[in-house]
Amino acid sequence: MEEPMSTSLKSERSVLNHEEYQAVLATHHPDIYGLDGKGLHAARVRLRDLRDKERTLARQKRREKRGKAEARGGSFPGTADQPQRRKQIFAAAIKRVNKELDRLNKLEAREANIDAAHRALALKRANKFVHHPSSDKTPDEGMNPINNRRRRTKVPPDQIGSVSQRTKAAQARRDARGA
């Protein structure tokens, strides 16, 4: 299926009323870049409503032409071609809005990705230059003393050696008795 050629602004103006034309005109090249995300979403909602209305009218006209339905309303525009053309104009405008929204989303994602990459690079560079102390000799207190866990008995200084002296004297008495 071939892609239909784009519609000129002049032919769009001839098919649409003033309000509809202003809504569609805002989606064309220089004007669409002036809209922010909220403005684009609002334009998309409005254009979808207009497109859906024209789609309904075009279907009704086709059904009337085939004799499947009765005419709705008294003053409906002539052929089924007009609602179909209007629907195509609105659909093309929606397509432009969707492309611009997609472009903005990709731009935001790219900016976020660039920021994350810059942070990661800064962390990597900061990590490369970590200061390590030199491997030269450093002053040290030496070995740490370990306390002896055995119980120490405190003997008064005047008793030191008295036990062995007593043993010596007792042995001497025994020897003197036996000799």
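Taken together, the values in this text are just the output of simple stated rules run on the coordinates, not laboratory data. Not measured: the values here are computed from a predicted model. Note: ideal-geometry Cβ built from the backbone for every residue, glycine included; neighbour counts use all protein chains shown.
Which of 28, 132, 118 ends up with the largest GNM mean-square fluctuation for the chain, with Cα atoms connected below 10 Å?
So, out of 28, 132, 118, the one fluctuating most is 132.
Have a look at the chain and give its Rg and Dmax from the Cα atoms, expressed in angstrom.
50.3, 160
Which order do peptides 157-163, 32-38, 21-27 fall in by mean Cβ count within 10 Å, highest first?
21-27, 32-38, 157-163
Report the label-to-label distance for residue 151 and residue 174 in nanometres (one decimal), using points 7 Å from each Cα along the Cα→Cβ vector.
In this crude spin-label approximation the distance works out to 2.9 nm.
Is it possible to state the helix-based mean residue ellipticity at 222 nm for the chain, with each DSSP H run of 4+ residues giving -39500 (n - 2.57), the sum divided by total residues, to the nearest 500 deg cm²/dmol? What is it?
Computed ellipticity for the chain at 222 nm equals -22000 deg cm²/dmol.
On a full-extension model of 0.36 nm per residue, what is the gain between residue 25 and residue 108, subtracting their alpha-carbon distance, rounded to one decimal in nm?
Result: 27.3 nm gained on full extension.
For residue 164 and residue 134, calculate 0.36 nm times their separation in residues minus their Cα-Cα distance, and state this gained length in nm to one decimal.
Going from the current span to full extension adds 4.8 nm.
Quick one: order 135, 14 by neighbouring beta-carbon count within 10 Å, fewest to most.
Going from least to most buried by this count: 135, 14.
Out of the GluC sites (Glu not before Pro) in segment 77-179, which ones are loop residues according to DSSP with at most 10 other C-beta atoms within 10 Å?
Within segment 77-179, the qualifying GluC sites (Glu not before Pro) (loop, at most 10 other Cβ atoms within 10 Å) are 141.
Please list, or write none, the lysines whose alpha carbon is within less than 29 Å of the alpha carbon of residue 124, excluding same-chain residues fewer than 8 places away.
106
Report, to the nearest 10°, how far helix 162-178 tilts away from the longest principal axis of the Cα atoms in the chain, using its own Cα long axis and a range of 0 to 90°.
40
How big is D for segment 9-103, in µm² s⁻¹ as a whole number, if Stokes-Einstein is applied with the Kirkwood radius of its Cα pairs at 20 °C and 1.002 mPa s?
Estimated diffusion coefficient is 151 µm²/s.
At R0 = 22 Å, how high is the FRET efficiency between residue 120 and residue 36 if r is their beta carbon distance? Nearest 0.05 is fine.
0.15
What nm value, rounded to one decimal, do you get for the distance between residue 141 and residue 56 when each label is placed 7 Å out toward the C-beta?
Using points 7 Å along Cα→Cβ, the separation is 9.0 nm.
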